[in-house]
Every structure is written in C-alpha cells, then in structure tokens.
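Participant: So that we are looking at the same thing, I have put the structure below in structure tokens.
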Amino acid sequence: MRNPLVALSAVVFAAIAAAAALPTFAGGLPVNPDLPVSFGVNSRGGDRLKGEFLDAAVYSTVLTPKTIEAAARGVKPSVKPLWSGVPKAGDKCEEVRTAKFPRGFTLLVTLRADEVQNARVLDNEIPGRGEGWIFDLIGNKPRVVINGGNTQFYSDPIPVGKAVHLAFTY
C-alpha cells in the first residue's frame, strides 16, 4: 500500500501525508489507455473546474516531499517532467494516457478555485464503471480515487480565490 501525498498552500506550503493508504498495482498507477487524461473535467466533459490552472506538471516518478516543497516555492525539480504547462479545463494530456508508471507518478499543480465546488483536477476514469483514477475536489477538499473504491480525502478544503499548490504522488 502507498500513501499519496496531498500538498496545499495559499501562502505557506505544507506537505501533508494522507492518513489512509491506497492499494499498490503491479506496474504502478493504472492508466486507462482507451480514455483521455483530462485536466479540469471528467472524461465526458462534466465536473468542470471553476477557476484556473496556473501551472501543472506530471512526473513518471515519485518526487520527495522536499522536492515538492521546493517546487511550491518556485524551484523546478531536477527530474524532467513527462508533461508540463498551463492547462485549461478540458485540455487533454496524451503523454500521460500513453505512459507507464513503474517508478511512480507525481502530479504538481497550482490552481485557483473561484468558488467552493465539486470539480476534476485530472481525470482518467470510465464514468459509472470506476475503472481508472481521478484527482478532484469535493466541496474544495482534494480527493483521489483509484479504480472506483479506493478513495483518499484531504480533510481541509482549499481556499477560494487564492493560488494553491496541490501534489499527488503514487
């Protein structure tokens, strides 16, 4: 079992390890190659993020808490990202859809939520079947779901109207 790391910041960065563990899958994070990996929406275009992404990067390894903290302060990790940029809600990430993650997975994202909401941050799940994974906000609380039932919540909601750094590692 692995613990995802959810990291939050409005002004000061704090790395928080999730309380419960997610299951380990052979070969790393299970990516569904038949679906797009979407920023800010689910695979049907719903659950749209109300706000904006300020920065995002996906790594094919688990970054350390120290590296994640430094990234939140603007220090780029020495590891080259699989993908990086400033996505808009609805953008697809082909590099993640076709990747394998035997050494782990890290998503670093800086976003600003315009309101308290239920919205996707990054999605690769078959709606209604629970196959794949999602990283989203439920009432502005970061949540990770892998293969439908393996769910992790961070207990505190992110603030509205402030830039927040989020990280998910697997």
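Every number in this text was worked out from the coordinates using simple rules, so none of it is lab data. Here the structure is a predicted model, which means the values were calculated and not measured. Note: ideal-geometry Cβ built from the backbone for every residue, glycine included; neighbour counts use all protein chains shown.
Participant: Could you calculate the FRET efficiency of Glu52 with Glu131 from 1/(1 + (r/R0)^6), where r is the beta carbon distance between them and R0 is 35 Å, rounded to 0.05?
Facilitator: Computed FRET efficiency for Glu52 and Glu131 comes out at 0.75.
Participant: Another one. With the crude spin-label approximation of a point 7 Å out along Cα→Cβ, what separation in nm comes out for Arg44 versus Asn147?
Facilitator: Calculated label separation equals 2.4 nm.
Participant: Under a plain spin-label model, where a point goes 7 Å from the Cα along Cα-to-Cβ, how far apart in nm are Val75 and Glu95?
Facilitator: 2.2 nm
Participant: Related question: Just to compare against my own numbers: the Cα pair-distance distribution for the stretch 79-170, 10 Å bins, whole % per bin, please.
Facilitator: 14, 49, 33, 3
Participant: Kindly state, to the nearest 0.05, the FRET efficiency for Lys162 paired with Val86, given R0 = 22 Å and r defined as their beta-carbon distance.
Facilitator: 0.80
Participant: Follow-up question, since we're still on this one. So what's the Cα pair-distance distribution over the stretch 39-137, bin width 10 Å, in %?
Facilitator: Spelled out per bin, shortest first, that is 15, 47, 34, 5.
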